[in-house]
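Asks: A single structure is presented below for examination.
A short reminder: the numbers here are calculations on the coordinates, not readings from a lab. Quantities reported herein were computed from a predicted structural model and do not represent experimental measurements. No Cβ is skipped: glycine too gets one built from the backbone with ideal geometry, and neighbour counts run over all protein chains shown.
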Amino acid sequence: MSTASAAAGLAGTRLRELRARALWLVPAAVVALGAPFSLSDYHVFQLTQVVVYAIAVLGLNLLTGFSGQISLGNGAFYALGAYSAVIAMTHAGVPYWATPPLAGALCFAAGYLFGRSAARLEGLYLALATFALAITTPQLLKLDALERWTGGNQGVVIDKPVSPIPALFNHDRWLYFFCLAVAILLFTGAWNVVRGRTGRALIALRDHPIAAGAMGIDVAAYKATVFGVSAMFTGIAGALGALLSGFVAPDSFQLALSIQLLVGVVVGGIASIGGTVFGAVFIEVVPDLTKHASEVSPALGWLADVQYPMYGVLLIVTVLVLPGGVAGAAAVVRHRLTRSGGHASGAPRSAL
Amino acid sequence: MTMQAFLHQLASGLASGSIYASLALALVMIFKATHHVNFAQGEIAMFSTYVAYTLIKAGVAYWLAFAITLVGSFLAGLAIERGIMRLLRNAPVLTAVVVFIGLLVVFNGTAGLVFGQTIQEFPSPFDPHAWYGTTYLSPHEVGALAVTLIVLGVVFAFFRFTRLGLAMRAAAESPESSRLVGIRVGWMLALGWGLAAVLGAVAGMMTAPIVFLEPNMMGGVILYAFAAALLGGIDNPWGAPIGGFIVGVLVNLGGAYVVGSHLQQALALAVILAVLVFRPSGLFGRTVVVRV
C-alpha cells in the first residue's frame, strides 16, 4: 500500500517535472526553429555562432563544472577540431557533414590521452598545465613541419557548405540547422549522462574524490573519459566554427578563446546544462552589442573599449557573489516563488 | 656550431633565466603563503612596466622611474591582497582560479584600454656600447642579470635576516601558531603580495627592452616562469631561481640547436607537463602527503 502510493507519488513528480519542462522547451523549440526565417543573414550567422559556442561551453562545463577538473586550455581542443575539419576537407576531400564526427573522434582520443596522463594532477596543477597548453597553442599551430597542411601563419580558407535545398534554406540557414541538429544531439546526450549513474559518479568525484574511489568508482578512468568527452564536444564545436567562418588561422586560438569559454561557464552557471545556453548567448552577443552601440553613437564608444576588461571584473564578481551564475540565480528565484505560491510546478529537486 | 656561438647562447640563456627566476620566485612566494597560483602575475608585471614607461616618457629619469614603479607595484600588490584575495581564504580551488583569471583579464584589458595595443620600444638603462658588454652578452643582458641578482639577493636576505622577513615566513608556514605569538598573519600575506608585485615589476622592466612593450608581452615569460617554479619545486623559494636559470638555458639552447626558436614555448610546455606528470614536487620541492 505504502509502496504503491510512493510509486504513484513518484510518477506524479515525474509528470509534474515533464510538464514543467514542456513549459520552456516548447517555446525554446519554436524560437530555435522559427527565428532563422525572420532574421537577416548576419543575425542567422550570429545565432549559429551561439549554437557553436553552446556546444563548446557545454564541453568545458562537463569537465570543470561536473567533474571538477579545471581546464583553462579547452581552446586547444577547439583549435584541434577546427584544423582537423579544415585539413580533412582540403586534403582528403571529406565532405563537410562528416567533419564534426571526425573532429570529435580525434579530439576524444587527444583529450583522453591528456586526461589519462593528467589524472594524477590535483585541481590547481591541472589548471596550470592547461593554462600552459592554451598559451602555447598558437605556436604549435604555426609549426613549420605541419605548414603544408596548416598554412602556417596564414591559416587555411575553405568553401562554406552549400545548401542542398536552396529554395528553402540559403547557405546561412542551412548551416544553422546543421549546427542546431548536432547541438541537440550532444545536449540530449550530456543531459542523460549527467542525470544518470555516470553523472552521480562525476559529482562524487568532484566533491569527494577519495570517498568516490573507496565506493568503487575508477577515479582515473572516469577522469580521463570525461576529459575525452569534453575535448570531443569542444572539438566538434571547433569543426562547426570552422565551417561557419570558412577560415582557420593560429591567432584565433589564443588564450583569450579559452578564457571566453570559461566566462561562458561561469556566467551561465557552473554545473548547469541550461546555464550553458545562456553563457553561450552572453559571450557571442555582449561583444557584438557593445560594438553595435559604439557604431550607432560615438559617445558610446567606450562601451566596446571597456568590454574586455569588464569580462575580468564580471568573472571575479560572479564567482564571488553569484557562484551559481545565472542558472543558480534563476533557481533561487524559482525556489522563492514556489515557496510563497504553494505547490507550483517545477519545484527545485532539492526541496523534494 | 662554434664554441663561441654555443657560449653566447648559454650566457644569454642565463640572462633571460634571471628574469624567469624573479617571476618564478614571485609565484612561489604567493603559493607558499596561500596555496594559490597567481595566474595574473605576468599581467601585473606588464602593467607595472607600462607605468614605468609612462613615467620615463614624461621625462622622469630612468632609475627614479624604476624606483617609483617598484613602490607603486608594492602598494598595488598590497591592495589586491587586501581587497580581493582576502575573500579567497577558504574558497574552493575553482573559485580561486576563476578570480585569478579574472584579474589577468582586468590587467590585460585595462592596459590595452589605457596604453593602447601598439608595440612600444622600452628603453634600457644600460648603454648599448658600455664597457661591460662582452662577446657573449649585450650590456642590457649583463645589466638585467645584475639587477635581478641584486633584487633576488635582497629578497633572500630580507627573509633570512630581518624580523619582518622571519614573521612573514612564519605566517606562511604556520598561520595558527604565528597568530598565537602575535604576528598579524593577514598583513604578512599582504606584504608578500606586495613583494611579489615588486619582483614582477623588475622582471617586466628587464624583459620589455628585449621583447618590446605591448599588453601581451608577458604571455611567453609567464610560461617560462611557471616552468621554472614547477621545476624548482613550487613550494621551495630556493628552487625558483635555480629553476629559472635551468629553464632559461634549456629554452635558449633547445631553441638554438634542437627544436628551433619557433618552438621555445612548446619546450616550456614540455617541461611543465613532464614535471607535473613524473615529479610533481619538482627538483627541490617537498612531496605532499595528504592524510585522509
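Asks: Given the C-alpha atoms of the range B:162-292, compute the convex hull and give its volume per residue in Å³.
Replies: Per-residue hull volume (Cα only) is 141 Å³.
Asks: Report the far tail of the P(r) of the range A:217-336, meaning the percent of Cα-Cα pairs longer than 20 Å.
Replies: More than 20 Å apart: 56 percent of the Cα pairs in the range A:217-336.
Asks: Quick one: among B:L94, B:L70, B:L189, which has the greatest mean-square fluctuation in a GNM of chain B with alpha-carbon springs under 10 angstrom?
Replies: Highest fluctuation among the options: B:L94.
Asks: How about A:K142: which lysines have a C-alpha closer than 26 Å to its C-alpha, ignoring those fewer than 8 places off in the same chain?
Replies: Within the straight-line cut-off, A:K142 pairs with A:K160.
Asks: Please label the shape of the range A:116-191 as rounded, prolate or oblate, based on the square roots a ≥ b ≥ c of the eigenvalues of the alpha-carbon gyration tensor (a/c under 1.5 means rounded; beyond that, a/b larger than b/c means prolate, else oblate).
Replies: Here the range A:116-191 falls in the oblate category.
Asks: Let me ask another. Starting with the fewest neighbours, write out A:I158, A:I236, A:I259 ranked by other beta-carbon atoms found within 10 Å of each beta-carbon.
Replies: A:I158, A:I259, A:I236
Asks: Let me ask something else. Please compute, for the alpha-carbon atoms of the range A:58-175, the extent along each of the three principal axes and give them in descending order in Å.
Replies: Largest to smallest, the principal-axis extents are 53, 35, 19 Å.
Asks: What angle do you read, to the nearest 10 degrees and between 0 and 90, between the alpha-carbon axis of helix A:255-268 and the longest principal axis of chain A?
Replies: Taking the Cα atoms of chain A, the angle to A:255-268 is about 20 degrees.
Asks: While we're looking at this one, here's another question. So how long is each side of chain A along the principal axes, counting just the alpha-carbon atoms, biggest first, in Å?
Replies: On the principal axes, chain A reaches 72, 50, 44 Å in Cα extent.
Asks: Using only helices, what value at 222 nm comes out for chain B when you add -39,500 (n - 2.57) per DSSP H run of length 4 or more and divide by the total residues, to the nearest 500 deg cm²/dmol?
Replies: Dividing the helical sum by the residues of chain B leaves -24000 deg cm²/dmol.
Asks: Okay, moving on. Please give the Cα centre distance for the range A:301-336 versus the range B:75-140, rounded to the nearest Å.
Replies: 25
Asks: Leaving out same-chain residues fewer than 8 places away, which aspartates and glutamates sit with a Cα under 19 Å from that of A:K291?
Replies: A:D41, A:D305
Asks: If you put +1 on each Lys and Arg Cβ and -1 on each Asp and Glu Cβ, how big is the dipole of chain A around its Cα centre, in Debye rounded to 20?
Replies: 1380
Asks: Oh, and also: Check cross-link reach from B:K32 to the aspartates and glutamates: straight Cα distance under 18 Å, and skip same-chain residues fewer than eight apart.
Replies: Within reach: A:E122, B:E81, B:E173, B:E176, B:D235.
Asks: Taking just the C-alpha trace of the protein assembly as shown, give me its Rg and Dmax in Å.
Replies: Looking at the protein assembly as shown, its Cα Rg and Dmax stand at 26.2, 98 Å.
Asks: If you fit an axis through the alpha-carbon atoms of helix B:239-253 and take the longest principal axis of the Cα set of chain B, what angle between them do you get, 0 to 90°, nearest 10?
Replies: 30
Asks: Could you line up A:T13, A:T198, A:T130 from fewest to most neighbouring Cβ atoms inside 10 Å? Intermediate results must be reported in sequence, preceding the final value.
Replies: Numbers: A:T13 13, A:T198 17, A:T130 26.
Least to most surrounded, the residues fall as A:T13, A:T198, A:T130.
Asks: What is the set of long-range amide H partners of A:F247 at a cut-off below 5 Å, with H atoms built 1.01 Å from backbone N?
Replies: Excluding prolines and chain starts, which carry no amide H, the hits are A:I158.
Asks: Let me ask something else. Could you derive backbone 3J(HN,Hα) for the range A:305-312 from the dihedral phi with the Karplus parameters 6.51, -1.76 and 1.60 (θ = phi - 60°), listing whole Hz in sequence and x where the residue is Gly or Pro?
Replies: In residue order, the calculated couplings are 5, 7, 4, 5, x, 5, 3, x Hz.
Asks: Hey, got the dipole for the range B:142-245? About the Cα centre, +1 on K and R Cβ, -1 on D and E Cβ, debye to the nearest 20?
Replies: Here the size comes out at about 340 debye.
Asks: Just rank B:Y132, A:Y176, fewest to most, by other beta-carbon atoms within 10 angstrom.
Replies: The order, fewest Cβ neighbours first, is B:Y132, A:Y176.
Asks: Could you state the angle between the C-alpha long axis of helix A:219-245 and the longest principal axis of the C-alpha atoms of chain A, as a value from 0 to 90 degrees rounded to the nearest 10?
Replies: Around 50 degrees separate the two axes.
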